[in-house]
1. Could you list, in sequence order, all residues of region 47-68 that are without any contact (Cβ under 8 Å) to a residue 24 or more places away in the chain, under 14 Å from VAL10 (Cα atoms) and within 12 Å of the chain's Cα centre (by Cα)?
2. Sort out which residues of region 78-92 are loosely packed, with under 10 Cβ neighbours inside 10 Å and either in contact (Cβ under 8 Å) with a residue 12 or more places away in the chain or not in a helix (DSSP H, G or I) (or both), and write them in order of number.
3. Might you let me know whether region 8-18 holds any residue that is loosely packed, with under 12 Cβ neighbours inside 10 Å and within 13 Å of the chain's Cα centre (by Cα)?
4. Give the residue, chosen from VAL6, VAL14, that is more than 14 Å from LEU69 (Cβ to Cβ), β-branched (Val, Ile, Thr) and not in a loop (DSSP other than H, G, I, E, B).
Amino acid sequence: MEEERVTERVRELVMAALHLRVAPEQVDIDEPLFGGDATVDSMGSLEIVAALEQEYDFRVPDDDLRVELFDSIRTLAHYVLRRRAATRQASR
């Protein structure tokens, strides 16, 4: 399923951007990124955005850079899925 594949890839990208040295299955996709074990700061959020943009070949508009986007790995994955769907729709 595409959602599972994207979620797992987003988890890997977040782990790499935050330099987390744990097994992927130890990172809960619903855990808050701000204030949770991963604890994202502003620099970390920029690194995550850069990784998503590079991996999925789209730009995250400034208007989308809200703290809610970084609620969890799942919210990031859903964002990627929505952006990809919008990009596919626009190219038709």
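Quick note: the coordinates plus some simple rules give every number you see, no bench work behind them. All of these numbers come straight from a predicted model, not from anything done at the bench. FYI the Cβ positions are ideal-geometry reconstructions off the backbone, even for glycines, and counts take in every protein chain you see.
1. Here is the first cut: in region 47-68, the ones without any contact (Cβ under 8 Å) to a residue 24 or more places away in the chain are 49, 53-54, 57, 59-66, 68.
Restricting the remaining residues to those that are under 14 Å from VAL10 (Cα atoms) gives 49, 53-54, 57.
Listed by number, the residues that qualify are VAL49, GLU53, GLN54.
2. First pass over region 78-92, keeping only residues loosely packed, with under 10 Cβ neighbours inside 10 Å: 88-92.
Listed by number, the residues that qualify are SER91, ARG92.
3. Step one: list which residues in region 8-18 are loosely packed, with under 12 Cβ neighbours inside 10 Å, which gives none.
No - not one qualifying residue is present in region 8-18.
4. On the way: VAL14 fails: more than 14 Å from LEU69 (Cβ to Cβ).
Exactly one of VAL6, VAL14 is more than 14 Å from LEU69 (Cβ to Cβ), β-branched (Val, Ile, Thr) and not in a loop (DSSP other than H, G, I, E, B), namely VAL6.
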